[in-house]
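Enquirer: Quick one: structure below, then a few questions.
The values are calculated or read from the model by the stated rules, or taken from the named source; none is laboratory data. The shown structure was predicted, so the numbers you read here are calculated from the model rather than taken from an experiment. Positions of Cβ are backbone-derived with ideal geometry, glycine not excepted, and every protein chain shown enters the neighbour counts. Note: accessible area is taken over every heavy atom of the protein model, side chains too, but ligands, DNA and RNA are not part of it. Shrake-Rupley method; radii C 1.70, N 1.55, O 1.52, S 1.80 Å.
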Amino acid sequence: MMLIFIADAFDSSLPSLLKKYGEVTDDKNKLPEAEIALVRSKTKVTRDFIDKAEKLKMVIRGGVGMDTIDIDYAHQKNIITHNTADASTVAVAELAFAFMIALPNNITKADRSIREGKWLKTELTRTELGGKTLGILGMGRIGTALAIRARAFRMKLLAWHPDVRFSDFAEIRTHLEDVLPESDYVSLHTPLVESTRGLINKKTLALFKTGAYLINTGRGECIVEQDVADALKSGKLGGFANDVWHKEPPENSPLFDAPNTILAPHIGASTKENLLRIGTVIDRLIDEYVAHIRKG
Ligand code: NAD
């Protein structure tokens, strides 16, 4: 009988949805017996994980990106790998947009000040999104969904994408240097690859407009945390919202005592709707896998 190992937090309906295929467990001790493993971003499918899972035939990452899976080693062991790339688009775009509204409206500062007995009516001035420029780095599914939302708020859209020349929703610029100096907001949506590791660093931050807002719902390693913290302290950045970290959960990040930040524990994909969509995609992938085995 097939054993499906659920390593991370999915919708609570997932085990009953999948029990038609065999036994479903979240017991880590059963990893060596598992034929299919379901992970999100918490569990890293390393060489060590794969070596322990002697019967593993398929890994499904509930989410976008495969950077948490040692793909080469998995394929060497004939393990099929999938993600659920389309499912998370709206969830992440809405979080990036929520950050974009929360930062210039001082939502978290206002809330905190009231609880601290302060009345900062004069101090907490706000700015509007309307008429501002948003620079999107990585104009894929999430970047495009964010652009559509930003257009409805009458923002001007620029996007950096080295390979794409046209978008219905943003003016594409092939060089980063042509996006950063004009953007009041910069939102990161590139995958983590060698050319995007540390993309936001001292050098690229120098190109930002003074007082610009940076939003990162992409990957933690795409920014150099110390350089972003320094830019916040010097006022080069007006604010920063972050969902993703070098190490999760983060320890002693320089961002903890930087001003004007909103920090989140990688919740971009965690909407109820998305977790249900991810479950549906997983069900389809396992169904296809079972049909494939039966065909021989
Ligand atoms: P996508 O593949 O549709 O879009 C990524 C875009 O970046 C593509 O258009 C791609 O061509 C472009 N790109 C690739 N390499 C680039 C480079 N070197 N420079 C500039 N652009 C480059 O992916 P998506 O669904 O939009 O997701 C984007 C990223 O969001 C994911 O890779 C993942 O890291 C992150 N993400 C985060 C969460 C979260 O919970 N915060 C959830 C899902 C995805």
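Enquirer: Here is a list: ILE286, ILE293. Which entry is closer than 19 Å to ILE60 by Cβ and surrounded by 21 or more Cβ atoms within 10 Å (Cβ to Cβ)?
Expert: Result of the check over ILE286, ILE293: ILE286.
Enquirer: Here is a list of conditions, (1) under 21 Å from the mean Cα position of the chain (by Cα); (2) acidic (Asp, Glu); (3) over 26 Å from ALA110 (Cβ atoms), and ASP243 meets all of them except one; can you say which number that is?
Expert: (3)
Enquirer: Can you find a residue that is more than 16 Å from the ligand (Cβ to nearest atom) and on the phi > 0 side of the Ramachandran plot anywhere in region 90-112?
Expert: yes
Enquirer: Anything in region 117-140 that is among the hydrophobic types (A, V, I, L, M, F, W, C) and surrounded by 13 or more Cβ atoms within 10 Å (Cβ to Cβ)? List them, or say none.
Expert: Listed by number, the residues that qualify are LEU120, LEU124, LEU129, LEU134, ILE136, LEU137, MET139.
Enquirer: Let me ask something else. Which one of the conditions (1) more than 22 Å from ALA269 (Cα to Cα); (2) within 16 Å of the ligand (Cβ to nearest atom) does MET2 fail to meet, given that it meets all the rest?
Expert: For MET2, the exception is condition (2).
Enquirer: In region 88-205, which helices (runs of 4 or more DSSP H) lie fully inside it and hold 1 or more residues that are in contact (Cβ under 8 Å) with a residue 60 or more places away in the chain and under 30 Å from LEU275 (Cβ atoms)?
Expert: In region 88-205, 89-102, 107-115, 141-152 are the helices (runs of 4 or more DSSP H) which contain 1 or more residues that are in contact (Cβ under 8 Å) with a residue 60 or more places away in the chain and under 30 Å from LEU275 (Cβ atoms).
Enquirer: Further question: Looking only at residues that are within 14 Å of PRO181 (Cβ to Cβ) and out of contact with any strand residue (DSSP E or B) (no Cβ under 9 Å at 6 or more places or on another chain) in region 192-226, which one is least open to solvent (accessible area, probe 1.4 Å)?
Expert: THR204
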